Structures are given as structure tokens and as C-alpha cells.
Amino acid sequence: MNQLMQLYLDNREAPKVPVSVVRNEDVVSISMRGIVLPEVGINAEEVAQAIAQAGDASTIVFNINTPGGSVFEAREIMDIIRNTSAKTIAHIGSLCASAGTSIALACDEVEMANGAHFMIHNAQAVIGGDKTALRKAADTMEKIEQAIVNDYTTKTGKPAEEIAQLMDATTWMTAKEALDGGFIDRIATAPKTKSTWNLASLEKVPEELKGPPAVPEPQLEPKNETTEPAPEAGFFMAAANANRLRLATIS
């Protein structure tokens, strides 16, 4: 199963409150909590609406808490943030992984609480077809990853080869490690917020983020009846049929 699909299914019971806006004089806080995914998580349309609500605010703080998501949705959100006239600050209070890291780096400044985590890894997708289609898909994935590598090299000043190695290794960073690596600008004084994500579908998850072991679901006897697919199943099937690469995940 595609990693993004599994990540969504593992966390589908979490409350859907991906984008919210709070104003304090000239500073607006926009909270983005959820998987980066159109319709069911953090998405470009809601981020654009939230920024519009900010009006003439001089500073917008994006409180980001996400285990990752769609590469394409993330890049659209990045473009929206970069074209915002206000000063933009990404605040990472808990978890910023995969696609979320690119969104954070689109802001003018990035800060991270002690105890929070920052993770980068290679792009992923569900691909089908013959050898020619698979080779073509791999070439496309490399182009996607190059755009991500460029984002990281621009922020950190590191050579592309070093960034690629960190992505290959699926690298989890503490606030100090992210600061030392140049991925963030400072460690925030605000305390860490609790992460409640089910990260079983991700690799090399730090022990402190794994949480309690999952409780197996009871096995039910099969019934001889036809049922409609779950809404999320229909969503992912439609997305896959429209564009398999839409389900790519990024670091």
C-alpha cells in the first residue's frame, strides 16, 4: 500500500481541523494540523482562505504539525506562502515531516521547539505498468526529488550530494540538529506540543514518537453481502486513477 494512503488510514480518526486562524493585532497565527492532502487534510485552498482572512497583517505565523503528505499539494501551498506580502514564520511545535518540511521552508523564517522533530526522506509513489512505464516514472520521481533537494540546499547552503544522502537515509532531526544543519533559523522558547500521530507507516521513527503499540482489530466472520467502499477508499481510488503520481510523498 502507498505510504501516503497508509498514513491517512492510520490517522483517519483524528479530528479534522487542518487550518484555523487567530489574530492578535498585526500578527496572525494560522494553525495547520493534519496530513497534507486535498479534501481530507491540510490543503492549498484552505491555506489561501486563511491567508485572505489575515488581511493586512504584518506577520503571519504558521503553526505546522504534520507527518507529511502529497508533494503536489505541498508545492502549491509553498507557492501561496511565498507570494504572501506579510512576513511569514513557520513554527514547529511538535512534528514537521516529509511534505511539511517543504512548506515550513517556504516561510521567511523557521523556528522549532525543543522536543519537536523534523524529518526528510525520498519521494515515494505507487507506480504500475511495464518496464518502460516504470523507467519513465523513476525519471519523473528524480525530477520531483531534485526540486525538493533545491529547496533544502537553498535553505541550508549544503551541497546537493549531502542533502540527497540525508534524504536517502530518512533523517529525523531534533531542534538542535535541524538548527546545526541549517534547516531552521532558531529554537523557539515556546514549549513543545504533544504529537499524537500514528507514524507506523514511516521509517526510522524515533522511540519517543512511536507511542503505545497498536491494538489489533478483532477479526470478524466474513459476510455474504455487498457493501459500498469506505469514503476514503473511494477518494484514493479516484486519485490514483486520475494521476498515480498525485499520491507521491516527499521529504
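Can you find a residue that is assigned to a helix (DSSP H, G or I), closer than 23 Å to Thr154 by Cα, modelled with pLDDT of 95 or more and acidic (Asp, Glu) anywhere in region 92-108?
No: region 92-108 contains no residue that is assigned to a helix (DSSP H, G or I), closer than 23 Å to Thr154 by Cα, modelled with pLDDT of 95 or more and acidic (Asp, Glu).
Name the residue, out of Met141, Met119, Met112, that is closer than 20 Å to Glu203 by Cα, in contact with a Cys (Cβ under 8 Å, 6 or more places away or on another chain) and in contact (Cβ under 8 Å) with a residue 24 or more places away in the chain. It would help to see each step written out before you state the result.
Working: Met141 fails: in contact with a Cys (Cβ under 8 Å, 6 or more places away or on another chain); Met112 fails: closer than 20 Å to Glu203 by Cα.
One residue alone meets the criteria, Met119.
Restricting attention to region 188-203, report how many residues are modelled with pLDDT of 70 or more, aliphatic (A, V, I, L, M) and either in contact with a Pro (Cβ under 8 Å, 6 or more places away or on another chain) or under 27 Å from Asn122 (Cβ atoms) (or both).
First, the residues of region 188-203 that are modelled with pLDDT of 70 or more: 188-190, 202-203.
Then drop every residue that is not aliphatic (A, V, I, L, M), which leaves 188, 190, 202.
In the following step, the residues that additionally are either in contact with a Pro (Cβ under 8 Å, 6 or more places away or on another chain) or under 27 Å from Asn122 (Cβ atoms) (or both) were identified as 202.
Qualifying residue count, region 188-203: 1.
Could you please find all residues in region 91-103 being of a type in the set (A, V, I, L, M) and free of Cβ contacts under 8 Å to residues at least 60 places away in the same chain?
Within region 91-103, none qualify.
Here's a check for you: in region 7-39, which residue that is of a type in the set (A, V, I, L, M, F, W, C), modelled with pLDDT under 80 and surrounded by fewer than 20 Cβ atoms within 10 Å (Cβ to Cβ) is farthest from Thr59 (Cα to Cα)?
Restricting to residues being of a type in the set (A, V, I, L, M, F, W, C), modelled with pLDDT under 80 and surrounded by fewer than 20 Cβ atoms within 10 Å (Cβ to Cβ), the top hit is Leu9.
State which residue is modelled with the lowest pLDDT when the search covers only region 140-168 and only residues that are out of contact with any strand residue (DSSP E or B) (no Cβ under 9 Å at 6 or more places or on another chain) and of a type in the set (A, V, I, L, M).
Across region 140-168, the extreme among qualifying residues is Ile144.
Please tell me if Ile127 is crowded, with 18+ Cβ neighbours inside 10 Å and β-branched (Val, Ile, Thr).
Considered against the rule, which asks whether it is crowded, with 18+ Cβ neighbours inside 10 Å and β-branched (Val, Ile, Thr), Ile127 comes out as no.
The values are calculated or read from the model by the stated rules, or taken from the named source; none is laboratory data. Note that the structure is a prediction, hence the values are computed from the model and not measured. Virtual Cβ from ideal backbone geometry, glycine too; neighbours counted across all protein chains shown.
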